[in-house]
Amino acid sequence: MESAERRVGSFTLAFRTPVAIEAAASVAGPVEGQGPLASYFDRVVRDKLFGHPTWESAEATFLRQAVDLLLGKRRLKTEDLDYLVAGDLINQLGASSFAARAVDRPFLGLFGACATWAEALAVGALLIDGGYARRVGVAVSSHHEAAERQFRYPVEFGYQRPATATWTATGAAAALLTAGGEGPRLTMATVGRVIDMGVKDPFDLGAAMAAAAADTIVHHLRDSGRSPQDYDLVATGDLGSYGLPIAADLVRDQGYDLGEAAADCGVLLYDRAQGIGAGGSGTACSALVTTGYLYREMLAGNLRSLLLVSTGALFSPTSYHQGESIPCVAHAVSIEWGAGGE
């Protein structure tokens with residue numbers, strides 16, 4: 001059957017239509033703008049409130065700015081998009097929904113926690129590969145203060161963050177996916193399954209998500225028949241400095257050695273001297289690193305093949321206070337530039 005031809009193994013989808021990331025845009029917050037990737041971002045906003053009275057409304061503006069910048073790079077209008085696929089961390093996708101209200105295009109809101117970026121890229125590619133769209137805008141956002149208030153404690157509380165805690169990224173990123181356009185191409189997507197290792201600490205999400213990341217990486221490699229060495233970089237979403245070594249060990253137990261190809265977007269986004277703890281997290285974390293740094297490295301020819309594995313902790317304040325453990329998921333997309341991706 002035609003549908004079976006596009007499925008590789010049990011977890012992976014192969015896109016038959018060339019799906020290009022034709023443009024990318026990034027809007028970073030002030031802390032992110034002080035990190036090692038600052039020069040790669042399209043815009044750094046020095047005011048976390050972005051002129052708004054609340055963190056949540058500021059986040060919606062971050063996302064809308066990313067979409068506007070994206071369209072401006074190709075001199076497109078919002079009506080040139082067939083769909084907008086977006087997600088964030090706020091209850092009821094508050095930032096994405098409010099931004100989509102202004103974009104005024106058919107909207108698909110996604111929640112995969114910090115795995116939403118890879119999930120959105122996969123859904124956008126599916127719309128194009130299925131022949132339902134020619135241009136899809138994909139965008140995500142997160143905000144440090146908004147996320148801390150919702151999932152842990154308001155920053156005004158002044159609580160002591162443990163060493164395992166990660167820093168929710170403030171910012172937004174967007175990508176323009178087109179059928180047969182120019183740019184690095186999405187060639188495969190591996191949809192992860194929910195894995196719960198029994199971790200209950202919302203300040204140790206790297207350890208909670210490590211098994212999900214490893215599971216998705218292993219399934220991708222098995223399904224595709226590839227090895228880690230087929231990629232210049234295997235970048236996890238936000239496992240941080242504690243979670244990445246755990247994931248690498250779990251992958252090694254399954255017969256694959258990530259070696260020097262392994263990196264984590266949460267570690268790349270910040271300098272440890274900034275005092276952010278174990279690294280970055282949040283829906284915007286892997287998105288900012290992808291659209292700001294990795295995408296530009298691909299355009300420059302310094303990076304030819306990338307396996308992006310965004311990771312997400314699927315808990316809520318309610319589940320946490322009820323004593324539930326943290327279920328996690330990871331989704332992966334293969335992005336290639338050159339052989340196999342031309």
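The values are calculated or read from the model by the stated rules, or taken from the named source; none is laboratory data. Note that the structure is a prediction, hence the values are computed from the model and not measured. Backbone-built Cβ (ideal geometry, glycine too); neighbour counts: all protein chains shown.
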Within region 205-261, which residues are closer than 18 Å to ALA313 by Cβ, among the hydroxyl-bearing types (Ser, Thr, Tyr) and in contact with a strand residue (DSSP E or B) (Cβ under 6 Å, 6 or more places away or on another chain)? THR216, THR236
Note down all Cβ pairs under 9 Å where the first residue falls in region 274-301 and is within 19 Å of HIS144 (Cα to Cα) and free of Cβ contacts under 8 Å to residues at least 40 places away in the same chain, the second is aromatic (Phe, Trp, Tyr) and surrounded by 24 or more Cβ atoms within 10 Å (Cβ to Cβ), and they're at least six residues apart or on different chains. GLY275/TRP167
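Can you find even one residue in region 20-32 that is charged (D, E, K, R), assigned to a strand (DSSP E or B) and modelled with pLDDT of 95 or more?
Step one: filter region 20-32 for residues charged (D, E, K, R), giving 22, 32.
From the residues that got through so far, the ones that are assigned to a strand (DSSP E or B) too are 22.
Keeping just the survivors that are modelled with pLDDT of 95 or more gives 22.
Yes, region 20-32 has at least one match.
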Some residue of region 207-226 being assigned to a loop (DSSP other than H, G, I, E, B), outside the structural domain of ALA113 (by TED's automatic domain parsing) and either modelled with pLDDT of 95 or more or surrounded by fewer than 24 Cβ atoms within 10 Å (Cβ to Cβ) (or both): yes
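Just name the residue that is surrounded by the most Cβ atoms within 10 Å (Cβ to Cβ) out of those in region 167-191 that are small (Gly, Ala, Ser) and in a loop (DSSP other than H, G, I, E, B). Break it down stepwise before answering.
Narrowing region 167-191 to residues small (Gly, Ala, Ser): 169, 171-175, 179-181, 183, 189.
This time we only want the ones that are in a loop (DSSP other than H, G, I, E, B), so: 169, 180-181, 183.
On the way: ALA169: 35, GLY180: 12, GLY181: 18, GLY183: 22.
Per the stated criteria, the residue is ALA169.
Buried (at least 24 other Cβ atoms within 10 Å of the Cβ) and of a type in the set (D, E, K, R), is that true of ASP232? Let's see the steps before the verdict.
Details: buried (at least 24 other Cβ atoms within 10 Å of the Cβ): no; of a type in the set (D, E, K, R): yes.
So ASP232 does not fit the description; no.
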Are any residues in region 245-275 over 22 Å from the mean Cα position of the chain (by Cα) and either buried (at least 20 other Cβ atoms within 10 Å of the Cβ) or hydroxyl-bearing (Ser, Thr, Tyr) (or both), and if so, which ones? TYR256
Taking region 254-285, which residues are β-branched (Val, Ile, Thr) and within 27 Å of LEU221 (Cα to Cα)? VAL267, THR283
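Whether any residue in region 234-250 is closer than 27 Å to SER96 by Cα and aromatic (Phe, Trp, Tyr) is what I want to check.
Narrowing region 234-250 to residues closer than 27 Å to SER96 by Cα: 235-240.
Now restrict to residues that are aromatic (Phe, Trp, Tyr): none.
No - not one qualifying residue is present in region 234-250.
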Checked ARG16, ARG7 against criteria (in contact with a Lys or Arg (Cβ under 9 Å, 6 or more places away or on another chain), assigned by TED's automatic domain parsing to the domain that holds GLY72 and not small (Gly, Ala, Ser)); the one match is ARG16
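Could you please give the count of residues in region 192-206 that are closer than 30 Å to ILE128 by Cα and either surrounded by 20 or more Cβ atoms within 10 Å (Cβ to Cβ) or of a type in the set (D, E, K, R) (or both)?
Looking only at that region, the number is 2.
Quick one: which of ASP204, ASP196 is modelled with pLDDT of 95 or more and of a type in the set (Asp, Glu)?
Numbers: ASP204 fails: modelled with pLDDT of 95 or more.
The unique qualifying residue is ASP196.
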Filter region 3-19 for residues that are part of a strand (DSSP E or B) and of a type in the set (S, T, N, Q); the one that is surrounded by the most Cβ atoms within 10 Å (Cβ to Cβ) is THR12
Are there helices (runs of 4 or more DSSP H) fully within region 256-335 with at least 1 residues that are more than 17 Å from GLY206 (Cβ to Cβ)? List them. 283-288, 295-299, 317-321
